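Beneath this line is the structure, given in C-alpha cells, with notes to follow.
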Amino acid sequence: MIDFLLGAAAFVLLVVAVGMIRILRGPGDAERMMAAQLLGSGGIAALLLSARAAGSAVTDVALILALLAAFASITFVKGARPTRRP
C-alpha cells in the first residue's frame, strides 16, 4: 500500500511539473492562474499522499497551502479588470 501511495504522489508531482510549463509559457493571465491553482492542488495532494505513506504529520502544511491557494485565486479575481469588446 505504501508503494502505491508513493507512486500516486510521484504521478501527481509529474502532472504539477507539466503545469509549471503552462505557468511559464501560458498565453494569458487566466491560464497562468489556473495552472497556479493546479500547482497548489497538486502540492496538497502530494503532501497528503506522502504523509499517509510515511506516517508523518504534514497535514498542517497541506492545509496552509490550501488556504494560500484560495487566497491567491481571490486576489486574482479582485485584481482582474474586465476587458471591453469593440
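I need to check one value: relative contact order of segment 2-79, counting alpha carbon pairs closer than 8 Å and at least 6 residues apart, in percent. Can you show the working numbers first?
On the way: 71 pairs, mean separation 25.7, N = 78.
Relative contact order here is 33 percent.
Given the -39500 (n - 2.57) contribution per DSSP H run of 4+ residues, what per-residue ellipticity at 222 nm results for the chain, rounded to the nearest 500 deg cm²/dmol? Mind dumping the intermediate values first?
Details: 3 runs with 71 residues, N = 86.
Roughly -29000 deg cm²/dmol at 222 nm, from the helical runs in the chain.
Quick check on segment 2-79: what are the equivalent-ellipsoid semi-axes from the Cα gyration tensor, as sqrt(5λ), descending, whole Å?
Numbers: eigenvalues 130, 51, 6 Å².
Over the Cα atoms of segment 2-79, the ellipsoid semi-axes are 25, 16, 5 Å.
FYI, it's all coordinate maths here, none of it is from the lab. Fair warning: this is a prediction, and the values are worked out from it, not measured in the lab.
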